[in-house]
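Worksheet: the structure to be examined is printed underneath.
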Amino acid sequence: MSGEHESRFSEAKPARSSGSPKAWLWIAPWLIGFIVFMLIPSAMSLYYSFTDYSLLESPVGIGPANYVELWNDPLFWTAVWNTLAYAGASVTIGTLVALLVAILLEQHIRGCGVARAIIFLPTLVPLVASALAWAFMYNSEAGIINRALGAVGLPTPNWLGDARYAMTALVIMGFWNIGTAVVVYSAALRDVPRSLYEAADIDGAGRLARLWHVSLPAISPAILFNVMISIIWSLQVFGAPQIMTEGGPDHSTYVYQLYIYESAFRYGRMGYASAMAWVQLLATIGIAGLTLALSRRLVHYRAA
Amino acid sequence: MTITSRQLRVSRRAAIGTAGACALAWAAWPRAQRDLAGMPRGRKVLHYWEKWTGAEGAALQGVINTFNQSQEKLWVVRVPISDISSKAMVAIGGGDPPDLVGLFSYSVPLYAEAGAAMPLDSFPEHEWRGETDYLPNIWKLLTHEARPRAGVNTCYTLGLYYNRAHFREAGLDPDRPPRTIGELDAFADRLNAKDAQGAIRRAGFLPNLPAWWPYSWSAYFDGRLFDSATGRATADEAGNIKALEWIAATAARVGRAEASAFAQTFSRSIHSPQDPFISGRASMIVQGPWLANFIRLHNPSLDYGVTAVPIDDALPQPELPRGLLEADVIIIPRGCKNPEASWEFLRFMQRRETQEQLALAHCKGSPMREVSSEFLARHPSRFVGVFDAIARSTRADVLPPTRVWPQYADLLGGAFDSVWRGADPAATLAAVQARAQGLIERASSLRAARAERGGA
Amino acid sequence: MSLPSPSPPRRATHTSRQTALSDRVLLSGLLWLTAAVYLAPLLIMLTGSFRSADAVLDPGAGVLPRLDDAAQAVDNYREVWTSAAADFPTYIRNSLMVAMLSTIGLTLSSAAAAYAFARMRWRGRDALFVLVLATLMIPPTVIIAPQYLLFKHLGWIGTFAPLWVPAWFGSAFSIFLLRQFFLTIPRELDEAAAIDGCSSLGIFWRVILPVARPALVVVALLAFIGSWNDFAGPLIFINQPHMYTVSLGVYMYQSQHGQTPWNLALAASVIAVVPVLAVFLLAQKAIIEGVATQGLKE
């Protein structure tokens, strides 16, 4: 045994295992899961998108007819614009809010630990519960939002019942769920090397300058990460519009996923729904790619 | 120091691990299913998916209990399912159906065409006399292309409820409700009450409260949505346009934004003590027969009446009430384990006594042609006769028997919303017509394609 | 946006202590305002669940719970808990079981994959990692119906398997988080263990996992929350009411044919939130530690 030990010592084997087969063993669960639960269903879904499929009957091939119909379907475009509007507002303002809150939490004010926990709490709440609580808050007579607005003399819109305000109501509700983004930003802010701040202080930079010239560039990878996640998730928004407004009033909150769901399960058109889903997948990849490309100039990666 | 902290870590980990294991054990421990409690041994179990919960569900359970006790072979278990239309599609399509499914009548065409609902004329008849047992409009709903596909399970029409006390206050005769659309508008104007800011305090009549049947207004203008003879959608028919023009005029008169805001405050309150009609916030409302039950429950001293919904001023045969007759149905799904057993129970549900028992509990009218005098005498609503008259009226109609109805209905709902916001009724309906007709034609050509391949 | 370059020092315009105090007060106020805004919806949910159906819609009612509401609160919760329309005790049991099974599986399998990405070199590793991240972009609706058919073929419809088995194959988000964390673990620890005779499995189990405990707790907590709150999955895959999870149960309860009043709907929501809150509070300390030491350097 000692002989073996000695020989291993003298050979100085590298600590990393470099064998390919071993690595594939570790990856195997994820890879199998990917193939079985994602790749194959995606392929099936692609196949269905070229058929008419009501779930109750077997699929009938119809070529690209679904895609052509999508192009000419006014409700499809309504859903697209609604979802893009939601994503646009959510991502931009949401990122700003999360950043500001994270920066605020990093100012070492007493009780920021409690505040941090409170801000993270909404992430724990099931979507159904949030939707109910917020729908209640948006109730035009008894909800707290209108009561507060009315108390200070501001107009009290019919949030969920007025086509002009419903989408805004949903976007505002989205800002309640910035918990995970704040956590990511907090971690990133703490990782910024002091030396950078010290250099800025030497230059006489004030608070805001430090923020703009040091903190933000330093955490730009985290910002990119959160923005990407945010884009992907907001394009897939479904639960809140479905529970709170059912896509109304007057289709003002009719988001893309809602149309997919209704096509599949209410109208019995799984093929059409699959076509829509694939269009969304490709669009998401496109938008993500575009964001990555645009970010090249803005994101500073520090040496590890 | 390393040893102590590691020990601490281990002991905390052990504690959490044990707690987790206990939670898992408690969660996974097999427990008797609530719904199979009390079942005598040796019976075949039938699972019956139905949408009703609460009092309606309890009423159904009473009927099921009667069945279970009346024979020794079968035991029916009621499974309350929300969102039953989509669940049923997924379950039946996926080959894992229950033994009976309660759907809405508008699902019959789709299920019939897809072969997902077993045709009932392939079962032995016994006391079931199909066509002669039901009201003619009900029989229309249960059949598709001349084959019966479903049993009925309560039906309803809509009537106009009006608050007699409010009528008296406003100087209107409480025994003389509006009969025409013109009268409806005039009475509503007198009953409206707004507060200082212009918000509605009390609504005379609002067609968007509740907004559950946006497609139903055409019926009062003799507008038809579908031509069964040709199988075409007729959304842009004159009667339908007139109906939406009336909706537009009402919205403009009452105040679009105010009416929407008013309606939205009742979003979860329908049938509760805060219901707009029950709480006296709306003087007139179009609702089903069941509202009487809720009135008696929450506000028994409410002085109200019910009449047929007012119709357009210049229609032929104005003495015949108009309206849409809708029904809940039960189907035997394709692929269920024991269709004969399901049929036994379905036949029981189609007995006049059974349907009357349910209708009494649900406070609805009876779908059967013959009605026992007991039914009318014991009915919880004094006004059941009004709803019954509508159901029997030769001018009443049913929903378009086409498989694209859900999408067509949503298009019509969208049209209602657009017109409410000020869009032009004729143009809106023309667009709906084009799209609906397109959907119908698409569905027929696909059906032909399937038939060619010998599928479904 | 650029990093500052050296230049002659300038005198500060305020004394640092004065700046600190006035700024501090302002920032404190802002912080507490933010915390209050974020807490408000939960508070309102709680307060609403304590009131009667009439009182909950009363525009003049207060936001904070009152002591006199106690009896009504007990009534409401008892009504929801023992409701014939929804079996919340069973739903919680179901959710607990599914969430725990999912959490264990997700954490282990994601850690395994992350280990391979962080510590091993092989051809196609980086491309595969990009693929892992790309799977985040797949909208659930693309795959959920085919998944249903797949599960039907496997005979899993009617069981809980569709809800927790896929978790045992890892998730892109968790793999990403753990890989980033594993990269920050010094390789000397690996090498020391290898010298002592550990195989890669041994290194994984004895070195990486213990050191990565904070990150693992974060991943486990997120997995638990994700599973508990998952609503689309149970909506499609679970048909029988006695198998509903809490999320689905609340949804079904409030979307009944005969309208659930606000106070009961909110009470049901509170019931859905409480268990997750409890788990969170248990793990909170570990999370804060975990976040602080976790890096997102690329």
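Figures for the structure shown
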quantity: Test for C:L42: is it at pLDDT 85 or above, surrounded by 18 or more Cβ atoms within 10 Å (Cβ to Cβ) and more than 24 Å from A:V128 (Cα to Cα); calculated: no
quantity: Checking B:G438 against (1) closer than 30 Å to B:V254 by Cα; (2) over 19 Å from the mean Cα position of the chain (by Cα), the condition it does not meet; calculated: (1)
quantity: Output for the stretch A:229-260, where each listed residue is of a type in the set (V, I, T), touching a residue at least 60 places away in the same chain (Cβ under 8 Å) and assigned to a helix (DSSP H, G or I); calculated: A:I231, A:I243, A:T245
quantity: Count of the stretch B:390-405 residues which are more than 25 Å from B:L160 (Cα to Cα) and assigned to a helix (DSSP H, G or I); calculated: 1
quantity: Condition check for A:V80: of a type outside the set (F, W, Y) and either surrounded by fewer than 20 Cβ atoms within 10 Å (Cβ to Cβ) or under 30 Å from A:D52 (Cβ atoms) (or both); calculated: yes
quantity: Candidate set from the stretch A:273-296 (those that are within 10 Å of another protein chain (Cβ to nearest Cβ) and more than 21 Å from the chain's Cα centre (by Cα)); member that is surrounded by the most Cβ atoms within 10 Å (Cβ to Cβ); calculated: A:S274
quantity: Matching residues in the stretch C:160-186 - criterion: being farther than 20 Å from A:P29 by Cβ and either among the aliphatic types (A, V, I, L, M) or touching a residue at least 12 places away in the same chain (Cβ under 8 Å) (or both); calculated: C:L183, C:T184, C:I185
quantity: Scope the stretch A:95-123; condition of a type in the set (S, T, N, Q) and either within 21 Å of the chain's Cα centre (by Cα) or not in a loop (DSSP other than H, G, I, E, B) (or both); matching residues; calculated: A:T95, A:T123
quantity: Some residue of the stretch B:224-235 being surrounded by fewer than 23 Cβ atoms within 10 Å (Cβ to Cβ), part of a strand (DSSP E or B) and among the aliphatic types (A, V, I, L, M); calculated: no
quantity: Candidate set from the stretch B:163-219 (those that are in a loop (DSSP other than H, G, I, E, B) and charged (D, E, K, R)); member that is nearest to B:G323 (Cα to Cα); calculated: B:R179
quantity: Where A:R266 falls short, out of the listed (1) out of contact with any Phe, Trp or Tyr (no Cβ under 8 Å at 6 or more places or on another chain); (2) surrounded by 19 or more Cβ atoms within 10 Å (Cβ to Cβ); (3) within 14 Å of chain B (Cβ to nearest Cβ); calculated: (2)
quantity: Matching residues, the stretch A:124-144, being assigned to a helix (DSSP H, G or I) and within 7 Å of chain C (Cβ to nearest Cβ); calculated: A:L124, A:L127, A:V128, A:A129, A:L132, A:A133, A:W134, A:F136, A:M137, A:I144
quantity: The stretch B:271-311 - residue that is under 18 Å from B:L206 (Cβ atoms) and charged (D, E, K, R) and, of those, surrounded by the fewest Cβ atoms within 10 Å (Cβ to Cβ); calculated: B:R281
quantity: Hey, C:Y115 closer than 28 Å to A:G179 by Cβ, touching a residue at least 24 places away in the same chain (Cβ under 8 Å) and more than 10 Å from every other protein chain (Cβ to nearest Cβ) or not; calculated: no
quantity: Every residue from the stretch B:186-213 that is surrounded by fewer than 20 Cβ atoms within 10 Å (Cβ to Cβ) and in contact with a Ser or Thr (Cβ under 7 Å, 6 or more places away or on another chain); calculated: B:R202
quantity: Hey, C:L42 within 19 Å of C:I225 (Cα to Cα) and either assigned to a helix (DSSP H, G or I) or not assigned by TED's automatic domain parsing to the domain that holds C:F169 (or both) or not; calculated: yes
quantity: Flag for C:V98 being outside the structural domain of C:M45 (by TED's automatic domain parsing), closer than 26 Å to C:A283 by Cβ and not small (G, A, S); calculated: yes
quantity: Wholly enclosed strands (runs of 3 or more DSSP E) of the stretch B:271-370 bearing at least 1 residues small (G, A, S) and more than 29 Å from B:L74 (Cα to Cα); calculated: B:282-287, B:304-307
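This table checks each residue for (1) buried (at least 20 other Cβ atoms within 10 Å of the Cβ); (2) in contact with an Asp or Glu (Cβ under 8 Å, 6 or more places away or on another chain).
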| residue | (1), (2) |
| --- | --- |
| A:A181 | yes, no |
| A:P193 | no, no |
| A:L216 | no, no |
| A:I229 | no, no |
| A:L235 | yes, no |
| A:F238 | yes, no |
| A:D250 | yes, yes |
| A:Y256 | yes, no |
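The values are calculated or read from the model by the stated rules, or taken from the named source; none is laboratory data. Just so we're clear, the structure is a prediction, and the values are computed from it rather than from any experiment. Glycine gets a Cβ as well: all are built from the backbone with ideal geometry, and neighbour counts include every protein chain shown.
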